[in-house]
Amino acid sequence: MATFPSPTPSPLRQGLLAAWPVALGYFPVAVAFGMAGVGAGLAPWAVQLLSLLVFAGASQFAFLGLLAEGASPWLAAGVALLLNLRHAFYGPALRPYLAGHPLLAFFLTDEVFAVALKSLPGLPQAARTGFFLGLGLGAYLAWNLGTSLGAFGAAQLQELPGVGEGLSFALPALFLLLALPHLRNPVALGAGLLAFALHLLGQTAWGLVLAGVLGFLWRRP
Amino acid sequence: MIPILVLALGTFLLRYLPWRGERGPSPGQAGPALVVALFLVSAFAPPPSWLWAKTLAALCVVFLAWRLSRHLGLSVLLGMAAYALF
């Protein structure tokens, strides 16, 4: 008997498809990270290892930056971990929709969290794990492919006219669309503005941690 | 090598430990608060400069594209094109 393909994509594939705006944003940043890593004196394989094992853009850049300034690798790792404190709030925010699992937690970046928070409530319970896995894998592949290109030599990509500039706007554009439903939530808006104020003072990581703490403690009026 | 492994393990534990288990304290408004904060800090780099006007104009394009199409990827792509052109 002939079998026909399912008319709806599998949850994993749905997740992969949902990942492409994230991947679009990650790719140029990852290329830049790969180039910066080699520029900071790390071997290309070590730069790639950071992306393969850590998968957290801002803290990877901080790690590199501190190494380039001559800090010890242990101090650089400690500061990078402080930057990642905000990740501790993402799991509890997703728990109402999806139970935590070590494999899923590995993919829990800022952008994956934001897309998951928007998408998971509208999915059937049975499809959520596959969707999150696809979303995380898509983002992970883009981040590591970009790192690889940057570390092993593809600087010309960023130099094409307009391409690097346009790509640098992908993540703000994505975050705008993900934030839109929450802009009338006074707690979310207040916490976001407070984080922004700290960001303007150069304390972006602490601002994000504070926004998470405030959101965690406050209840919507 | 070892500091990289410690950073990777620490990052993983920060993501996994608060998420494990089926029950835990209510996250309150942590999710929405973090999403709004991530938007603001990713869009507007300090210090304020002419780039803010360019960013605002491109964000308007993203918003309009979203209102007209309701397509996440298309809206992001149009915003990127607008940002590169402005």
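What does the average come to when, for each residue of peptide B:57-68, you count the partner chain Cβ atoms lying within 10 Å of its Cβ?
Numbers: counts 0, 5, 6, 1, 2, 7, 4, 0, 2, 4, 1, 0.
Taking all residues of B:57-68 together, the mean is 3.
May I ask for the angle, rounded to the nearest 10°, between helix B:2-16 and the longest principal axis of chain B, with both axes built from Cα atoms and the value confined to 0 to 90°? So the inclination is approximately 80 degrees.
Dipole check for the protein assembly as shown: with +1 at the C-beta of Lys and Arg, -1 at the C-beta of Asp and Glu, and the Cα centre as origin, the magnitude is about 960 Debye. The mean of 1/r over all pairs of different alpha-carbon atoms in region B:29-86, once inverted, gives a Kirkwood hydrodynamic radius of 12.3 Å.
Counting Cβ atoms of other protein chains within 10 Å of each residue's Cβ and taking the mean over peptide A:189-198 gives 5.
Expected output is a single nm value to one decimal: the length gained when fully extending between B:ARG20 and B:ALA81, i.e. 0.36 nm times separation in residues minus the C-alpha distance. What is it?
Using 0.36 nm per residue and subtracting the Cα-Cα distance, I get 17.9 nm.
Taking the helices alone, the protein assembly as shown has a mean residue ellipticity at 222 nm of -22500 deg cm²/dmol, built from -39,500 (n - 2.57) per DSSP H run of at least 4 residues and averaged over all its residues. Mean per-residue shielding of peptide B:71-83 is 6, counting Cβ atoms of other chains within 10 Å of each Cβ.
Segment B:LEU64..B:LEU13, full-extension length gain: 14.4 nm, with 0.36 nm per residue of separation and the alpha-carbon distance subtracted. Taking θ as phi - 60° and the Karplus parameters 6.51, -1.76 and 1.60, the scalar couplings of region A:187-194 work out to 5, 5, 5, x, 5, x, 5, 5 Hz in sequence order, x denoting glycine and proline.
Of interest is the spacing of the C-alpha centroids, which for region B:71-86 and region A:13-27 amounts to 15 Å. Annotation for A:ALA46 and A:HIS101: the two label points, set 7 Å from Cα along the Cα-Cβ direction, are 3.5 nm apart.
Would you work out if chain A is rounded, prolate or oblate? Take a ≥ b ≥ c from the square roots of the eigenvalues of the alpha-carbon gyration tensor; rounded if a/c is under 1.5, else prolate when a/b is larger than b/c, oblate otherwise. Write down the numbers at each step before the final one.
Values: a/c = 1.71, a/b = 1.14, b/c = 1.50.
Because a/c hits 1.5 or more and a/b fails to exceed b/c, chain A counts as oblate.
Where a number appears in this text, it was derived from the coordinates with a stated rule and is not lab data. Not measured: the values here are computed from a predicted model. Virtual Cβ from ideal backbone geometry, glycine too; neighbours counted across all protein chains shown.
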